[in-house]
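For reference, the structure discussed in these notes is given below.
Bear in mind these aren't lab numbers, they're just calculated from the coordinates by the rules spelled out. Everything quoted here is computed from the prediction, not taken from an experiment. Backbone-built Cβ (ideal geometry, glycine too); neighbour counts: all protein chains shown.
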Amino acid sequence: MPDHPHHAVRTPFVAGNWKLNLDRQGAVQLAAAVREHCEGAGLGVDVDLFPPAFYLDEVVRTCAGSPLLVGGQNCCEEASGAFTGETSAAMLADVGASEVLIGHSERRHVYGERDETLHAKVLQALDAGLAVMLCIGETIAEREAVQTEEVCGRQLSSALAGIAPERLTRLSIAYEPVWAIGTGLTASPDQAQAVHAYVRGLYAGLVGEDGAAAVRILYGGSVKPDNARDLLSQPDIDGALVGGASLKPELFLPIIDAGKS
Ligand code: 13P
C-alpha cells in the first residue's frame, strides 16, 4: 500500500447529523454554541451541521458569516411535481444549504431507499449545486458474511455510476457501519481504516488517483470524545459524521477539536 502523499491537503471534516431531534429553539442554540467555538482563527477543521429540514433556514441564518456549513439530511430523487411530503435539492439550496447527506443508513434501512433511487438523488443534488456526502456501510450480517467490501463497493459505484469525475470535486464519503450507529459499538480504528483504504482505492478506479487522494472519507458510528482522536489519526479517516454526540456541545466540541492535527 503506497503512502498517501496528499493526505495533508485533506482538511479534517467533522459533521453533526441531528437526525429527527431538537426543536426550533434547541436547534438555534446548538448552532450558536458550535458557531462560537468555531469562530476562533485557525481552527483548521471544516464543520458541517445537518439539522432537520424544517429548521434549516433558521440554522443557516444562525451560522451566516461564520465558517460553519449547513446541509440537509436527505432530498427527493425528483426535481419537482406531485411528491407529497418531499423536499427537493433545489429547495435545500434555496434556503442556504450547501450540502446534503445521501444514502444514510436510516434512509436505506428504515425507509428502504435503493441504490437506483440514491443515484437519482445524487444527480438532483449536483444539479442543485449542493455538495454531496454519500453515506455507505454494511450491516452486521453482511460484516459477519465477509461482505463489507462488496457492499460498500456496490453502494459507492451504483450511487456514482456514469457521473463525470469533474462533477464530483465536492463529494465526500461517510463510512458508517450500520452495526455501529447509535449502538455504542464503534468500529476499531484498524477496522475502520481498512474499509476507508479500500473505499479510497475503489474511488480511484472511478475518478482517478488525484480525485481519490483529495476526497474526504469520514467515519460515522458512535463517535464520542473518547474515541474520536484514535479514529481521526488513521491515515484514511479524514473526519467524523456524528449522530448522538453532535446534539450536545460538551460532546461535539471536543470531537471537533480532535480533528485538529
Ligand atoms: P451515532 O453517532 O449516534 O452512532 O450516529 C451516527 C450517524 O448515523 C451519523 O450519521
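Positive end of the dipole of the chain (Cβ unit charges, origin at the Cα centre): among His109, Gly184, Thr62, the Cα lying farthest that way belongs to Thr62.
Charge dipole of the range 164-261 (Cα centre as origin; +1 on each Lys and Arg Cβ, -1 on each Asp and Glu Cβ, all else neutral): 220 debye, rounded to the nearest 20.
Other residues lying with their Cβ under 11 Å from the Cβ of Gly44 contribute a combined charge of -1, Lys and Arg counting +1, Asp and Glu -1.
Within the shell defined by Cβ-Cβ distances under 12 Å, the residues around Cys63 carry a net charge of -3, with Lys and Arg each +1 and Asp and Glu each -1. With contributions of -39500 (n - 2.57) from each DSSP H run of at least four residues, the per-residue ellipticity at 222 nm computed over the chain stands at -12000 deg cm²/dmol. The three principal axes of the C-alpha atoms in the range 197-261 carry coordinate ranges of 40, 21, 14 Å, sorted with the longest axis first. Dividing the radius of gyration of the alpha carbons in the chain by their Kirkwood radius gives 0.93 for Rg/Rh. Free of any chymotrypsin sites (Phe, Trp or Tyr not before Pro) that DSSP assigns to a loop and that have at most 12 other C-beta atoms within 10 Å, the longest stretch within the chain is 112-261. Which of rounded, prolate, oblate describes the range 83-215, given a ≥ b ≥ c as roots of the alpha-carbon gyration tensor eigenvalues and a/c under 1.5 marking rounded, otherwise prolate only if a/b is larger than b/c? Oblate shape, in that a/c is at least 1.5 and b/c is the bigger or equal ratio. Stretching Ser157 away from Ala79 to a fully extended chain increases their span by 25.8 nm, per 0.36 nm per residue minus the current alpha-carbon distance. Distance from the C-alpha centroid of the range 11-85 to that of the range 214-239: 20 Å, rounded to the whole angstrom. Within the shell of other residues whose beta carbon sits under 11 angstrom from the beta carbon of Asn17, the net charge comes to -2, with Lys and Arg scored +1 and Asp and Glu -1. With no solvent and one point on each alpha carbon, what is the Debye value of log10 I(q)/I(0) for the range 1-141 at q = 0.15, 0.16, 0.17 Å⁻¹? One equal scatterer on each Cα of the range 1-141 leads to -0.80, -0.89, -0.98.
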